[in-house]
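Visitor: Take this structure first; my questions come after.
The values are calculated or read from the model by the stated rules, or taken from the named source; none is laboratory data. Everything numeric here is computed off the predicted structure, so don't read it as measured data. As a convention, Cβ positions derive from the backbone with ideal geometry for all residues, glycine included, and neighbour counts pool all protein chains shown.
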Amino acid sequence: MVTFDPAHKAVHDPGDRRFRVWIRPSILVGSGAVIFSFVAAAWIQFVFFGLPRIPPVPQVYPNNFVGPHGFPLWVRWSHFFNFFFVMLLIRSGLSILFDHPRLYFNDDCTPGTEWLRATPIKVPRDRIWTAKDDARYLTPVVGTPGYRHTIGVARVWHFINVHGFIITGVFFISMLFSTEQWKRIVPTSPLVVTQAWNTWVHYATFHMPAEPNGFYGYNALQQIAYFAVIFVFGPLAILTGIAMSPAVVNRFPWYAKLFGGRQSARSIHFLTMLSFLAFLVVHVTLVVMTGFARNMNHIVLGTDTQGHLGIWLGFCGIAVVVLSWVAAHWLSWRYPRRLQHALKVVTYPMQLLTLNRLVPQQKYSEKDISPYFWPNGKMPIREDWKRMAENGFRDFRLKVDGLVEHPVELSLAELEELGAAEHITMHHCIQGWSGIAKWGGLPMKSLIKLVRPRPEAHTVAFYSFGEALYGGPYYDTQSLENVLKDQCLLASQMNGKRLEQLYGAPLRLRVENQLGYKMVKWIERIEFVESEKLLGKGEGGKNEDDEYFDLLPNI
Ligand SMILES: Nc1nc2c(c(=O)[nH]1)N[C@H]1C(S)=C(S)[C@@H](COP(=O)(O)O)O[C@H]1N2
Ligand SMILES: [Mo]
């Protein structure tokens with residue numbers, strides 16, 4: 001469906017497209033045991049005490065006909081839009097996951113410590129294995145846009161749709177509480193727990209409980225399931241999503257710790273997705289099994305009737321959702337640049353007002369430093385860099401020029417004299433991994449004081465000795481405002497030692513309120529310019545130009 005030139009084929013459609021999922025056995029056994037014990041308890045109760053009695057439903061309001069009932073228009077449309085947005089979120093989320101197909105509960109992401117791995121590959125220890133090497137292929141039938149390393153466009157879908165998801169959710173919950181409808185979903189009596197258990201005993205032992213007419217009320221288990229999806233999984237997905245933001249985590253490390261850390265938040269984010277999927281499967285199965293035509297008329301037409309119109313219109317709704325995936329696929333490959341710009345229109349102003357205002361503040365200690373740090377990017381192959389590397393970069397001169405009053409060329413020793421700072425921060429790669437390290441070097445604001453940018457200089461460009469994924473020198477830009485923030489460093493030290501070649505020697509940028517790709521390694525030159533639009537393809541950096549990454553990735 002998509003044709004790639006050789007360079008893009010090598011990245012997006014590689015020879016190795018094996019799909020393997022490995023889960024840590026203790027987690028598999030643990031969750032299996034929990035499910036098994038619920039089923040076993042139900043059977044024990046059934047065998048020894050018989051089926052529990054379930055009072056006529058709805059139990060909580062015996063006079064159900066005067067209580068809230070039916071499916072008003074806003075319920076039906078919220079239901080549709082929620083399905084629409086959640087499916088695109090899941091599909092794009094899977095594409096994002098497959099760019100770093102490992103899930104951890106620890107923030108250092110050391111290979112081998114993951115609890116889930118969606119790749120057959122064990123990280124080789126005898127050669128450089130970057131996070132980019134580790135990305136996996138995902139079929140576009142499942143992912144949006146799918147293929148391998150399409151995270152830039154996948155994020156566009158994820159972040160545009162999350163607006164729809166949140167708006168739908170806020171609208172639905174507001175309507176729920178401004179009408180009587182909330183009483184249908186929010187359990188109000190502790191009795192619901194016993195009744196839910198009794199209902200479970202029925203299902204688990206293959207005895208369908210008497211079916212309440214969903215138009216008037218739900219059984220207790222159903223009510224709890226709906227409540228959990230709306231009031232637990234939905235908010236949890238949003239809150240753990242926010243816990244993956246470098247701007248938030250490096251300003252408020254405690255926020256990620258609420259979820260057990262940044263990677264644990266990422267794992268929970270994934271688990272809420274699984275919960276949504278599990279709910280979807282059970283929900284649809286029961287909708288079909290317990291009076292398909294009537295149930296469809298409820299949620300599609302809002303009537304309590306037996307005709308087939310609801311089924312047909314419902315299938316049309318599902319067709320619209322499936323078509324949206326095809327359309328998203330087509331747009332992703334035909335108009336990726338427009339998508340990238342669309343996301344910018346939706347998020348950029350809001351980000352400048354919110355996330356981008358957070359100033360990183362060091363809150364980690366030496367003991368938090370990660371034992372492992374995933375490398376990324378292509379080592380420079382330029383002869384001049386190699387020659388300088390051989391003698392410890394003694395001949396290296398950093399050029400700082402462009403729209404400045406006082407352009408300079410500085411050796412590493414001269415840079416050291418200008419000032420020094422050290423911060424222990426968490427690095428967030430767009431692909432999903434993180435790592436905590438101590439970075440030492442010259443605060444960018446000291447350098448800026450020295451070179452004195454002219455008033456028209458708004459953007460700072462960092463050029464690398466290294467090449468980018470599709471060739472051409474790697475570069476990226478920052479707003480002057482962001483490089484003036486605390487903790488923005490021109491780093492020459494990592495964890496108390498001279499920066500190693502692999503991690504960006506002689507110099508790399510640290511800008512802690514953004515994602516890793518903004519932090520250029522192997523820096524050759526810094527230029528002050530009017531706008532990022534004047535450089536490269538005008539998107540703000542090599543990844544922004546070629547891979548449709550965001551100009552300002554605070555999340
Ligand atoms: N020159 C250059 N700098 C680069 C990259 C690159 O490919 N080339 N990759 C970026 C990305 S995507 C990340 S996550 C970080 C990785 O830094 P690390 O190798 O120290 O972990 O470097 C960034 N800087
Ligand atoms: Mo990255």
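Visitor: What are the pairs with Cβ atoms under 9 angstrom where one residue, in the stretch 509-533, is touching a residue at least 12 places away in the same chain (Cβ under 8 Å) and on the phi > 0 side of the Ramachandran plot and the other, located anywhere, is hydroxyl-bearing (Ser, Thr, Tyr) and within 13 Å of ligand 2 (Cβ to nearest atom)? Sequence gap at least six, or different chains.
Guide: Sorted first by the residue in the stretch 509-533, then by its partner, the pairs are Trp522/Tyr474.
Visitor: Does Ser434 satisfy the condition of being among the small types (Gly, Ala, Ser), surrounded by fewer than 18 Cβ atoms within 10 Å (Cβ to Cβ) and in contact (Cβ under 8 Å) with a residue 24 or more places away in the chain?
Guide: It is false that Ser434 is among the small types (Gly, Ala, Ser), surrounded by fewer than 18 Cβ atoms within 10 Å (Cβ to Cβ) and in contact (Cβ under 8 Å) with a residue 24 or more places away in the chain.
Visitor: For the stretch 242-250, check the following and say yes or no: at least one residue is in contact (Cβ under 8 Å) with a residue 12 or more places away in the chain and over 21 Å from Pro553 (Cα atoms).
Guide: There is no residue in the stretch 242-250 that is in contact (Cβ under 8 Å) with a residue 12 or more places away in the chain and over 21 Å from Pro553 (Cα atoms).
Visitor: In this structure, does Leu484 turn out to be over 24 Å from Phe393 (Cβ atoms), more than 24 Å from the chain's Cα centre (by Cα), of a type in the set (A, V, I, L, M, F, W, C) and more than 15 Å from ligand 1 (Cβ to nearest atom)?
Guide: Taking the combined requirement at face value, the residue satisfies it.
Visitor: Could I ask something else about it? Please state which of the following conditions Leu502 fails to meet, knowing it meets all the rest: (1) closer than 25 Å to Tyr364 by Cα; (2) within 25 Å of the chain's Cα centre (by Cα); (3) near ligand 1 (Cβ under 9 Å from one of its atoms).
Guide: Looking at each condition in turn, Leu502 falls short on (2).
Visitor: While we're here: Name the residues in the stretch 476-499 that are crowded, with 20+ Cβ neighbours inside 10 Å and small (Gly, Ala, Ser), would you?
Guide: Result: Ala491, Ser492.
Visitor: Any residue at all in the stretch 368-375 that's within 19 Å of Leu502 (Cα to Cα), assigned to a strand (DSSP E or B) and within 33 Å of the chain's Cα centre (by Cα)?
Guide: no
Visitor: Taking the options Thr285, Thr290, Thr272, name whichever one is over 19 Å from Asp108 (Cβ atoms) and free of Cβ contacts under 8 Å to residues at least 12 places away in the same chain.
Guide: None of the others qualify; the one that does is Thr285.
Visitor: Got a number for residues in the stretch 139-178 being within 16 Å of ligand 2 (Cβ to nearest atom) and not β-branched (Val, Ile, Thr)?
Guide: Here the count works out to 5.
Visitor: On to the next question. Which is under 30 Å from the mean Cα position of the chain (by Cα) and either farther than 27 Å from Ala243 by Cα or away from ligand 2 (no atom under 16 Å from the Cβ) (or both), of Ser434, Ser464?
Guide: Going through Ser434, Ser464 in turn, the sole match is Ser464.
Visitor: Quick check on my filter: what residues within the stretch 417-468 are over 21 Å from Asn376 (Cβ atoms) and assigned to a strand (DSSP E or B)?
Guide: Once the filter is applied, which keeps residues that are over 21 Å from Asn376 (Cβ atoms) and assigned to a strand (DSSP E or B), the stretch 417-468 yields Ala421, Glu422, Leu442, Pro443, Pro453, Thr459, Val460.
Visitor: Being aliphatic (A, V, I, L, M) and under 25 Å from His423 (Cα atoms) is the filter here; which residues of the stretch 218-253 pass it?
Guide: Those that are aliphatic (A, V, I, L, M) and under 25 Å from His423 (Cα atoms): Ile242, Ala243, Met244, Ala247, Val248, Val249.
Yes/no per residue for (1) away from ligand 1 (no atom under 16 Å from the Cβ); (2) in contact (Cβ under 8 Å) with a residue 12 or more places away in the chain; (3) within 20 Å of Val156 (Cβ to Cβ):
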position	(1), (2), (3)
Pro72	yes, yes, no
Leu103	yes, yes, no
Trp115	yes, yes, no
Thr119	yes, yes, no
Asp133	no, no, no
Tyr137	yes, yes, yes
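Visitor: Right, something else. Suppose we filter the stretch 411-459 for residues that are touching a Ser or Thr at 6+ places or on another chain (Cβ under 7 Å) and more than 26 Å from Asn495 (Cβ to Cβ); how many remain?
Guide: Adding up the residues that qualify gives 2.
Visitor: Which one is surrounded by the most Cβ atoms within 10 Å (Cβ to Cβ), of the residues in the stretch 453-475 that are of a type in the set (A, V, I, L, M) and within 8 Å of ligand 1 (Cβ to nearest atom)?
Guide: Ala468
Visitor: Return yes when Trp385 is within 16 Å of ligand 1 (Cβ to nearest atom), more than 23 Å from the chain's Cα centre (by Cα), buried (at least 18 other Cβ atoms within 10 Å of the Cβ) and closer than 23 Å to Asp476 by Cβ and no when it is not.
Guide: yes
Visitor: Picking from Gly504, Gly471, which residue would you name as being outside any strand (DSSP E or B), more than 24 Å from Ala243 (Cα to Cα) and modelled with pLDDT under 95?
Guide: On inspection, the qualifying residue turns out to be Gly471.
Visitor: Now for a different question. With the requirement that a residue be in a helix (DSSP H, G or I) and surrounded by fewer than 14 Cβ atoms within 10 Å (Cβ to Cβ), what does the stretch 319-345 give you?
Guide: Ala319, Val320, Val322, Leu323, Val326, Ala327, Trp330, Arg334, Arg337, Arg338, Val345
Visitor: Inside the stretch 359-374, can you point out the residues that are within 15 Å of ligand 1 (Cβ to nearest atom) and crowded, with 18+ Cβ neighbours inside 10 Å?
Guide: Answer for the stretch 359-374, where residues must be within 15 Å of ligand 1 (Cβ to nearest atom) and crowded, with 18+ Cβ neighbours inside 10 Å: Ser370, Phe373, Trp374.
Visitor: Here is a follow-up. From Glu409, Glu414, grab the single residue that is in a strand (DSSP E or B), modelled with pLDDT of 95 or more and more than 30 Å from Lys132 (Cα to Cα).
Guide: Among Glu409, Glu414, only Glu409 is in a strand (DSSP E or B), modelled with pLDDT of 95 or more and more than 30 Å from Lys132 (Cα to Cα).
Visitor: Any idea which residue in the stretch 125-138 is nearest to Leu469 (Cα to Cα), counting only those that are away from ligand 2 (no atom under 16 Å from the Cβ) and either under 19 Å from the mean Cα position of the chain (by Cα) or of a type in the set (Phe, Trp, Tyr) (or both)?
Guide: In this case the residue turns out to be Tyr137.
Visitor: Would you check if Leu301 is in contact with a helix residue (DSSP H, G or I) (Cβ under 7 Å, 6 or more places away or on another chain) and closer than 20 Å to Phe549 by Cα?
Guide: Against the criterion (in contact with a helix residue (DSSP H, G or I) (Cβ under 7 Å, 6 or more places away or on another chain) and closer than 20 Å to Phe549 by Cα), Leu301 does not qualify.
Visitor: Among the residues of the stretch 244-288, how many are of a type outside the set (Ser, Thr, Tyr) and under 19 Å from Phe83 (Cβ atoms)?
Guide: The number of residues fulfilling the criteria is 14.
Visitor: Would you tally the residues in the stretch 123-174 being part of a loop (DSSP other than H, G, I, E, B) and either of a type in the set (A, V, I, L, M) or surrounded by fewer than 19 Cβ atoms within 10 Å (Cβ to Cβ) (or both)?
Guide: Looking only at that region, the number is 12.
Visitor: Still on this structure: Test of understanding: among Leu502, Leu450, Leu418, which residue is over 20 Å from Asn356 (Cα atoms), within 16 Å of ligand 2 (Cβ to nearest atom) and either of a type in the set (D, E, K, R) or surrounded by fewer than 20 Cβ atoms within 10 Å (Cβ to Cβ) (or both)?
Guide: Checking each option against the conditions leaves just Leu502.
Visitor: Ok, one more. For the stretch 421-431, what are the residues that are buried (at least 22 other Cβ atoms within 10 Å of the Cβ) and more than 16 Å from ligand 2 (Cβ to nearest atom)?
Guide: If the condition is that a residue be buried (at least 22 other Cβ atoms within 10 Å of the Cβ) and more than 16 Å from ligand 2 (Cβ to nearest atom), then His423 is the only one that fits.
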